[in-house]
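Engineer: Structure incoming, see below.
The values are calculated or read from the model by the stated rules, or taken from the named source; none is laboratory data. Note that the structure is a prediction, hence the values are computed from the model and not measured. Using ideal geometry, Cβ is built from the backbone for each residue, glycine included, and neighbour counts are taken over all protein chains shown. Each accessible area value is taken on the protein alone, full model and side chains, heavy atoms only, with ligands, DNA and RNA left out. Shrake-Rupley method; radii C 1.70, N 1.55, O 1.52, S 1.80 Å.
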Amino acid sequence: MSRKNFGAKPLCYPQPVFIIGTYDENGNPNAMNAAWGGISEEKEISICLSPEHKTCKNFAKTGAFTVSMADVKNIAGCDYVGIASGNDVSDKFAKAGFTAIKSEFVNAPIINELAVCMECRVISFDEESCILKGEIVNVSVDESVMTDGKVDVSKVAPICFDPFNRAYHVMGEKVGQAWGSGKHLL
């Protein structure tokens with residue numbers, strides 16, 4: 001096998017495409033696209049966000065945010081909220097084709113068009129490291145992406161970010177069973 005070095009860069013697979021939802025000081029929903037994040041504890045998510053984002057200003061005031069999984073069906077809107085800044089575009093949420101309902105658990109919007117949503121309270125935000133930590137207080141899932149009471153990843157059709165090629169890819173094909181595919185090696 002021959003290898004090519006890319007240097008110290010944030011290149012790994014998969015990188016989820018998270019859509020972070022917040023309310024501004026007037027109760028208007030805002031959303032942004034973030035790929036650098038993941039589950040860091042059982043009920044905790046960590047996301048890297050630059051402090052100048054409107055989203056950061058919003059959750060500093062509300063103490064809450066939502067994290068929805070971007071999907072194939074809404075790829076244009078999900079990409080758009082990563083291109084346009086809420087600091088510059090006041091109707092960014094609507095332009096993306098999104099509508100919202102208020103979370104029952106935190107002061108943040110649930111994006112109706114995205115089927116899976118983590119509803120979070122801010123634990124901390126370190127402007128120096130750009131790390132936002134949130135307590136996951138609820139996960140809500142639209143019933144349209146469930147089969148027999150379970151979330152069906154093929155119906156969710158979440159996308160992940162390919163940092164090597166600046167592209168999105170869909171996830172969904174099952175290739176094995178967790179805590180099962182390697183049992184024969186025990």
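Engineer: When the scattering of the chain is computed by the Debye formula from its Cα atoms alone, each counted once and equally, what is log10 I(q)/I(0) at q = 0.19 Å⁻¹?
Structural biologist: Reported log10 I(q)/I(0), two decimals: -1.37.
Engineer: Follow-up. What percentage of the solvent-accessible surface of the chain, computed with a 1.4 Å probe over protein heavy atoms, is contributed by carbon and sulfur atoms?
Structural biologist: Details: 5850 of 11130 Å².
Here carbon and sulfur together make up 53 percent of the probe-accessible area.
Engineer: Within the stretch 69-108, find all residues whose amide N lies under 18 Å from a label point positioned 7 Å from the Cα of E135 along Cα-to-beta-carbon.
Structural biologist: 103-108
Engineer: D79 to S46: FRET efficiency via 1/(1 + (r/R0)^6), r the Cβ-Cβ distance, R0 22 Å, to the nearest 0.05? Please report the intermediate quantities before stating the final value.
Structural biologist: Details: r = 23 Å, r/R0 = 1.04.
The value I calculate is 0.45.
Engineer: Using R₀ = 41 Å, calculate the FRET efficiency as 1/(1 + (r/R₀)^6) where r is the Cβ-Cβ separation of R3 and N112; round to 0.05.
Structural biologist: Details: r = 45 Å, r/R0 = 1.10.
Calculated transfer efficiency: 0.35.
Engineer: What Rg and what Dmax come out for the stretch 48-129 when only alpha-carbon atoms are used, in angstroms?
Structural biologist: 12.7, 35
Engineer: Excluding ligands, DNA and RNA, what is the solvent-accessible area per residue of the chain at a probe of 1.4 Å, expressed in Å²?
Structural biologist: 60
Engineer: If each DSSP helix of 4+ residues adds -39,500 (n - 2.57) and the sum is divided by the residues in the chain, what number results at 222 nm, nearest 500 deg cm²/dmol? Before the final figure, lay out the partial values.
Structural biologist: Details: 4 runs with 26 residues, N = 186.
Using -39500 (n - 2.57) per qualifying helix, the result is -3500 deg cm²/dmol.
Engineer: For the pair S124/A167, report the inter-label distance in nm, with labels modelled 7 Å from Cα in the Cβ direction.
Structural biologist: Each label point is offset 7 Å from its Cα along the Cβ direction, giving 3.9 nm.
Engineer: Where Rh is the Kirkwood radius over the Cα pairs of the stretch 1-97, the temperature 20 °C and the viscosity 1.002 mPa s, what D in µm²/s does Stokes-Einstein return?
Structural biologist: Numbers: Rh = 14.7 Å.
Reported coefficient: 146 µm²/s.
Engineer: Continuing with the same structure: I need the peptides 83-90, 177-184, 154-161 ranked by packing, meaning the mean over residues of other C-beta atoms within 10 angstrom, with the highest value on top. Don't skip to the answer; put the middle values down first.
Structural biologist: On the way: 83-90: 14.6, 177-184: 7.9, 154-161: 19.2.
Sorting 83-90, 177-184, 154-161 by mean packing, highest first, produces 154-161, 83-90, 177-184.
Engineer: Can you compute the charge dipole magnitude of the chain about its Cα centre, using +1 on each Lys and Arg Cβ and -1 on each Asp and Glu Cβ, nothing else charged? Give it in debye, rounded to the nearest 20.
Structural biologist: On the way: 18 positive and 23 negative charges, 119 e Å.
So the magnitude is around 580 debye.
Engineer: Ranked by accessible surface with a 1.4 Å probe, highest first, in what order do F125, F18 come? Please report the intermediate quantities before stating the final value.
Structural biologist: Details: F125 50, F18 15 Å².
Reading off the accessible areas and sorting them downward yields F125, F18.
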